[in-house]
1. Only one residue in 57, 50 is free of Cβ contacts under 8 Å to residues at least 60 places away in the same chain and surrounded by fewer than 18 Cβ atoms within 10 Å (Cβ to Cβ), so which one is that?
2. Of the conditions (1) within 20 Å of residue 96 (Cα to Cα); (2) surrounded by fewer than 16 Cβ atoms within 10 Å (Cβ to Cβ); (3) of a type outside the set (A, V, I, L, M), residue 29 satisfies every one except a single condition; which number is it?
3. Could you go through region 71-92 and let me know if any residue there is surrounded by 13 or more Cβ atoms within 10 Å (Cβ to Cβ), touching an Asp or Glu at 6+ places or on another chain (Cβ under 6 Å), assigned to a loop (DSSP other than H, G, I, E, B) and not acidic (Asp, Glu).
4. Residues in region 130-148 that are part of a loop (DSSP other than H, G, I, E, B) and surrounded by fewer than 18 Cβ atoms within 10 Å (Cβ to Cβ): how many?
5. Evaluate region 122-129: report whether one residue or more is in a helix (DSSP H, G or I) and more than 11 Å from the chain's Cα centre (by Cα).
6. Working only within region 1-24, note down all residues that are among the polar types (S, T, N, Q), farther than 21 Å from residue 49 by Cβ and either surrounded by 12 or more Cβ atoms within 10 Å (Cβ to Cβ) or touching a Phe, Trp or Tyr at 6+ places or on another chain (Cβ under 6 Å) (or both).
7. Note down all Cβ pairs under 9 Å where the first residue falls in region 128-145 and is farther than 19 Å from residue 3 by Cβ, the second is of a type in the set (Phe, Trp, Tyr) and not in a loop (DSSP other than H, G, I, E, B), and they're at least six residues apart or on different chains.
8. So residue 48 clears everything in (1) in a loop (DSSP other than H, G, I, E, B); (2) more than 24 Å from residue 28 (Cβ to Cβ) except one condition, right? Which one?
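Every number here is computed from the coordinates shown, using simple stated rules; none is lab data. Just so it is clear, the structure is predicted and the values come from calculations on it, not from any experiment. Cβ sites come from the backbone with ideal geometry, for glycine too, and all protein chains shown count toward neighbours.
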Amino acid sequence: MSLAIGSAAPEFNLMDQHGANIALSSFKGSKNVVVLFYPFAFSGICTGELCGLRDDLAAFQNDDVQLIAISCDPMYAQKAFAEKEGYNFPVLADFWPHGAAAKAYGVFNEERGCATRGTFIIDKAGVLRWQVVNGLGDARNLVDYKAALAAL
């Protein structure tokens, strides 16, 4: 299931790596949001993708844009992952109810119990403007995110 471009993005309120609740709606009216679902903390492709974002963070997190990464790992795993890799953006735990946010965005893999690689760009009004969903083993292209953000 994929979401329709132009529709309201599904709300979520999840715990970040520091134990704070982060709601998508908290950015409404102030920032565009890049929501990036990834399968597993500490896995090779996921680490590479998130490190790529970390290394070019100003393009994805600034006065106009907020980056949010989400997996179904528990908060303490997210904390260890973010600290080890130096992630200075919210890394959210979609742990319980397990995968609820990933399911709402149509990117939960029931067989593996994890999110697939889904990326969603949501505008300041809370409307979905761009999305791409890749398979578990297929890395994403950060250049595509930049082009989608530039088009807002």
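1. Numbers: 50 fails: surrounded by fewer than 18 Cβ atoms within 10 Å (Cβ to Cβ).
None of the other options fit; the residue is 57.
2. Among (1) within 20 Å of residue 96 (Cα to Cα); (2) surrounded by fewer than 16 Cβ atoms within 10 Å (Cβ to Cβ); (3) of a type outside the set (A, V, I, L, M), residue 29 violates only (1).
3. Checked region 71-92: at least one residue is surrounded by 13 or more Cβ atoms within 10 Å (Cβ to Cβ), touching an Asp or Glu at 6+ places or on another chain (Cβ under 6 Å), assigned to a loop (DSSP other than H, G, I, E, B) and not acidic (Asp, Glu).
4. At the first step, the residues of region 130-148 found to be part of a loop (DSSP other than H, G, I, E, B) are 135-141.
Filter again for surrounded by fewer than 18 Cβ atoms within 10 Å (Cβ to Cβ), leaving 135-139, 141.
Matching residues across region 130-148 total 6.
5. Taking region 122-129 as the starting set, the residues that turn out to be in a helix (DSSP H, G or I) are none.
So far as region 122-129 goes, no, none of its residues is in a helix (DSSP H, G or I) and more than 11 Å from the chain's Cα centre (by Cα).
6. Initially, region 1-24 is screened for residues among the polar types (S, T, N, Q), giving 2, 7, 13, 17, 21.
Those left that are additionally farther than 21 Å from residue 49 by Cβ: 7, 13, 21.
13, the sole residue that qualifies.
7. The qualifying pairs are 142/60.
8. With (1) in a loop (DSSP other than H, G, I, E, B); (2) more than 24 Å from residue 28 (Cβ to Cβ) applied to residue 48, the lone miss is (1).
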